[in-house]
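The values are calculated or read from the model by the stated rules, or taken from the named source; none is laboratory data. Here the structure is a predicted model, which is why all the values come from computation and not from measurement. Quick reminder, even Gly has a Cβ in these numbers, built from the backbone with ideal geometry, and neighbours come from all protein chains shown. With ligands, DNA and RNA removed, areas are computed over all heavy atoms of the protein, side chains included. Shrake-Rupley method; radii C 1.70, N 1.55, O 1.52, S 1.80 Å.
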Amino acid sequence: MRRISILGATGSVGQSTIDLIAREPDRFDIVALTGGRNIARLAEDAKRLGAAVAVTAHDECLDDLREALTGSGVEAAAGPRALCEAAARPADWVMSAIVGAAGLEPGLAALDQGATLALANKETLVAAGPLVMNRAARAGATILPVDSEHSAAFQCLAGEDPAQVERLILTASGGAFRDWPLERLAHATPEQAATHPNWAMGQRITIDSASMFNKALEVIEAREFFGLPPDRIEVLLHPESLIHALVGHADGALMAHLGPADMRHAIGYALNWPERAELPVARLDLAEIGALTFRRPDAERYPALDLARQVMARGGLSGAIFNAAKERALDAFIACRLPFMAMADTVAAVLDRAEADAATIDAEMTLENILHADAMARHWADGYILHRTDR
Ligand code: NAD
Ligand code: MG
């Protein structure tokens, strides 16, 4: 029996993971499931899968969780520390599918106990790439990418020498506004931004797809995971979202990974790695699809891409600052306190502000310093959003 924990089990990736696991109940032993405020879902899945423990991130939800689990034999716990304790329980495979920097510490706890970490939470590598890779190496733990582009690239690289890789191309759908006239973007609403042309995902990553902050995070994630220099990582707009990544080798060969826009492929690949198993995803009919199209992403429409380049060139703790500022800008956009295009202005202003605080941005990469940089960036972002003049 393979011991499995799912961090962020109630979310979009978490539910797709459970969909796969629930099909093979005899193969898996569920250790921990974690969630947020959706206690009914968390408790139902924990009971159905026979988890040892269910954890909500929120202390004030503990009573509800206890009540929902009464008589089931599933333990209940709450709060950020309980999340890390659950992630530290011995398991063979842990899905990291919490959204945001909140996923970093539970992910580290899973790595420290030597579990294979299936990493959907891209913020982990953006904020703390070198630290996370070192911790994994120290514990002898494996990290497997679950972000579809990174899973695709990982599959294209199987059996290849990464040193021979000339370029890695991450595809991007372009999100909800790819065909909108630029002047309309100033008035885009959170509801409009949260409609993805191809993928069904959580609200936050869907809005990040419209702004391409998602792709900006993914470029940094790819650099940290594959160890490639930034100038070898490209972004290609591909509206059909059927090619997820391409890897260009030194001899000119370009390997593409195609698959349906269904996260169960990347999750299932990580679940069965290094083998492949049959998965319940649609098979592509290329004759039916007919044509695949590509465009260069437009820097004016997607300023987040240049910000990612700036972060990679800057180094230090700028990744943690970039991600935290983006999270606060996204919170403000969702709350209708910030226009869509001003999210990038906010992040740019925070990156500038950080340059005046070398003690923060150039601090050694320890967990404590990353959490400090994250907190400072949120503070700077809040200040910028509050004092913007053009609201
Ligand atoms: P989601 O919003 O649907 O789910 C997030 C999960 O995290 C939920 O279980 C929620 O309860 C939990 N959570 C939220 N805030 C938390 C906090 N502060 N502390 C602890 N738990 C918290 O998100 P999602 O779309 O499933 O994305 C999860 C992660 O996977 C993100 O990092 C995202 O970028 C990445 N990802 C998602 C997809 C996708 O298809 N949805 C694809 C690639 C990568
Ligand atoms: Mg992705």
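Taking each pair of distinct Cα atoms in the chain once, what is the resulting Kirkwood hydrodynamic radius in Å? Walk me through the numbers on the way to the answer.
Details: mean 1/r = 0.0467 Å⁻¹.
Result for the chain, one decimal place: 21.4 Å.
Explain nothing, just the number: dipole magnitude of the chain about its Cα centre with +1 on each Lys and Arg Cβ and -1 on each Asp and Glu Cβ, in debye rounded to the nearest 20.
On the way: 36 positive and 53 negative charges, 47 e Å.
Approximately 220 debye in magnitude.
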Selection from Ala86, Gly107, Val74, by position along the positive dipole direction of the chain (Cβ): Val74
Accessible surface ranking that places the most exposed of Arg283, Arg204, Arg337 first, with a 1.4 angstrom probe: Arg283, Arg337, Arg204
DSSP beta bridge pairing in the chain, given as percent antiparallel to the nearest 5: 30 percent
Placed amide H near Ile30: partners under 5 Å, 5+ positions off or other chain: Ile4
Inter-probe distance in nm under a simple model that places probes 7 Å from Cα toward Cβ, at Gln113 and Glu364: 2.8 nm
Virtual spin-label span in nm between Ala22 and Thr195, 7 Å along Cα→Cβ: 2.9 nm
Euclidean distance of C-alpha centroids, region 323-369 and region 154-213, integer Å: 20 Å
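Please compute the volume of the convex hull spanned by the alpha-carbon atoms of region 67-110 and report it per residue in Å³. Could you put the intermediate results ahead of the total?
Values: hull volume 4.1 nm³, N = 44.
That works out to 92 Å³ per residue.
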Distance between modelled label sites at Ile334 and Ala137, nm, 7 Å Cα→Cβ extension: 3.5 nm
30 Å Cα-Cα reach of Lys47 towards lysines, excluding residues that sit fewer than 8 places from it in its own chain: Lys122
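What does the net charge come to around Arg328 if you take all other residues with beta carbon closer than 15 Å to its beta carbon, with K and R at +1 and D and E at -1? It would help to have the intermediate numbers written out before the result.
Details: positive: Arg204, Lys326, Arg337, Arg353, Arg378, Arg388; negative: Glu123, Asp208, Glu327, Asp331, Asp345, Asp374, Asp382.
Local charge sum for Arg328: -1.
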Max mean-square fluctuation residue, GNM over the chain, Cα-Cα springs under 10 Å, options Leu228, Leu217, Leu125: Leu228
Inter-part distance where region 250-316 and region 62-131 are each reduced to a Cα centre, Å: 26 Å
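In terms of the ratio Rg/(2.2 N^0.38 Å) built on C-alpha atoms, what value belongs to region 2-145? Write out the running numbers ahead of the final one.
Numbers: Rg = 14.0 Å, N = 144, 2.2 N^0.38 = 14.5 Å.
Normalised by 2.2 N^0.38 Å, the Cα Rg of region 2-145 equals 0.96.
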Positive dipole terminus of the chain, leading residue within Asn134, Ile233, Ala358 (C-beta point charges): Ile233
Accessible surface of region 315-387 [probe 1.4 Å, protein heavy atoms]: carbon and sulfur percent: 56 percent
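Fully extended, how many nm does the chain gain between Glu166 and Arg48 (0.36 nm per residue separation, minus their Cα-Cα distance)? Each step should come with its number before you reach the end.
Details: separation 118, 0.36 × 118 = 42.48 nm, distance 4.69 nm.
Here the segment from Glu166 to Arg48 would lengthen by 37.8 nm.
By how many nm would the segment from Asp179 to Ala356 grow when fully extended, if each residue of separation counts as 0.36 nm and the alpha-carbon distance is taken off? Can you show the working numbers first?
Numbers: separation 177, 0.36 × 177 = 63.72 nm, distance 3.79 nm.
Gain in length upon complete extension: 59.9 nm.
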Dipole of the chain [Lys/Arg +1, Asp/Glu -1 at C-beta], most positive-end residue of Met376, His387, Ala40: Ala40
Top of Ala256, Ala128, Ala152 by mean-square fluctuation, Gaussian network on the chain, Cα under 10 Å: Ala256
Trp273 accessible area, 1.4 Å probe, all protein chains in place, Å² to nearest 10: 90 Å²
Per residue accessible area of region 110-255, 1.4 Å probe, in Å²: 35 Å²
Simple Cβ-charge dipole of region 87-180, Lys/Arg +1 and Asp/Glu -1, about Cα centre, in debye nearest 20: 220 debye
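So, for region 315-387, what is the accessible surface per residue at a probe of 1.4 Å, expressed in square angstrom? Kindly include the intermediate steps, with their values, before the conclusion.
Numbers: 2870 Å² over 73 residues.
Per residue, region 315-387 has 39 Å² of solvent-accessible surface.
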With every protein chain in place, region 2-145: carbon and sulfur % of accessible area (1.4 Å): 47 percent
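Please report, in debye to the nearest 20, how large the charge dipole of region 315-387 is about its Cα centre when each Lys and Arg carries +1 at its beta carbon and each Asp and Glu carries -1 there. If you can, show how the numbers build up before the last one.
Details: 5 positive and 11 negative charges, 65 e Å.
Around 320 debye, computed over region 315-387.
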